[in-house]
Amino acid sequence: MKTKQKKSKWGFFLKYKYLFAFVFILFLGLYLRFYKIEQIQSFGWDQARDAWLVRDIINGKIVLNGPRTGVGHFHLGPLWYYLLVPFYYFSNMDPASANYLNILVNIFNFIAVYYVTKKIYGEKNALFATLLFATNKYLIEINRVSWNVSPVIGVAILIFYGILKIINNENYQWIPIIFFLLGLFIHLHFTFVFIVPIILISFLFTKNKKRTLFLSLISLPLILLWYIPNFLYDIQSKNTNVGLFNNFLKDYFINAFHLRFFLYRINDGFIQYQALFQLPKTILLFKFIIPSIFVLISFFEKNNKVRILNLLLILWFIVPSIGYSFYGGATSEYYMLMNSILVFYTVIYLQNKLLNFKIKIIPYILIIFWIIFIFFQTRSFWINRDYSGGLMKQKKSVLQRIKDNNKIGYNEGVIDSYLWQIWVEDR
């Protein structure tokens, strides 16, 4: 009887072994990102701006315009501010509460990455992709930041999966979901302008184009619904998004395609390879080796569904590269954060091709490589961690200035100014 009971207990764990493994990776990723987060992560311009606007909302003001874009200064949607409201409200306006929302958003990202990868590549590859996501140095550092960009990874991967389901499985019920998620993206980051053409081009490959067109047209209100706050703001404001966008086009839009500039800008479309694998600037061309091999092998792929999947992956990199070739302004690596998990997908595809050779030594080489890679990605988070800075240090600095009666004036982008306001002026 005891032996049977032991077997039944082990049977339960074996049955849900992948789920338990995912939960372990999730907590590992959350630990690396948020352990003593208030003593590590400082609050910069974006977080200070968010704090002021959340304070305004709690005090009864209706905020209709969201964060400004770094270039062009037109506004995204204000959803992020309203998501922060309950966290600020129940913490007595403490900006540190923004970290709790960020933790929830990161959990959403982890679940989205695991779910989508599982559906496309299976359980083992889902755990592999989630492990890379959890332990990647660049993703750990950027996921620590509490800002409107945080949900981009999860929302983007769901849009990608929805498009794939429509093309490969004719699951047209995903069309309204995609449009809903695209509208949500308007509140997260300006790179939704790349996702629009990606969706339109992808829909050209659907089998039932009439149904695709019909469902797309009736799903348009799901996008427009998300834009209502911005629309209302534009009605009552002289400095409208339309006007700002026109100025943006005048200042940064290049009205002709130039091959040389496209080759220069293609670096921006594939920048996540450099960010995720921490490639030195001296070997920038090295980051094109993986995508080049991926494209070459995909050309000879015999499985039609896999070929479509790979074509879609390529599209998500090529469209932004072409888009950037018409843009003359500055860029940053996080502009392509929506493609971060897709970088892992190209690696998974190539790795699976290697494993298909059935050469005994290959799995061991890959295991050793990834163990070393993960070690170097995470080692700085395990040892010599400095817990004397972050928002906690900023708070101590303001408390000292309060003690010295050294007033801090209003500054939208400085968290010290906000802390003075809530602790001294608002009491």
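The values are calculated or read from the model by the stated rules, or taken from the named source; none is laboratory data. This is a predicted model, so every value here is computed, not measured. So basically every Cβ, Gly included, is an ideal-geometry build from the backbone, and we count neighbours across all protein chains shown.
Summary table
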read-out: Residues of the stretch 406-427 satisfying the condition of being in a loop (DSSP other than H, G, I, E, B) and either in contact with a helix residue (DSSP H, G or I) (Cβ under 9 Å, 6 or more places away or on another chain) or at pLDDT 90 or above (or both); value: ASN406, LYS407, ILE408, GLY409, TYR410, ASN411, GLU412, GLY413, VAL414, ASP426
read-out: Filter pass, ASN143 being at pLDDT below 95 and not acidic (Asp, Glu); value: no
read-out: Residue check, LYS353 among the charged types (D, E, K, R), surrounded by fewer than 16 Cβ atoms within 10 Å (Cβ to Cβ) and under 18 Å from LEU296 (Cα atoms); value: yes
read-out: Members of the stretch 399-419 that are closer than 14 Å to PRO95 by Cβ and either of a type in the set (Phe, Trp, Tyr) or exposed (fewer than 11 other Cβ atoms within 10 Å of the Cβ) (or both); value: TYR418
read-out: One residue from ALA112, ALA51, ALA98 being at negative phi, surrounded by 15 or more Cβ atoms within 10 Å (Cβ to Cβ) and in contact with a Ser or Thr (Cβ under 7 Å, 6 or more places away or on another chain); value: ALA98
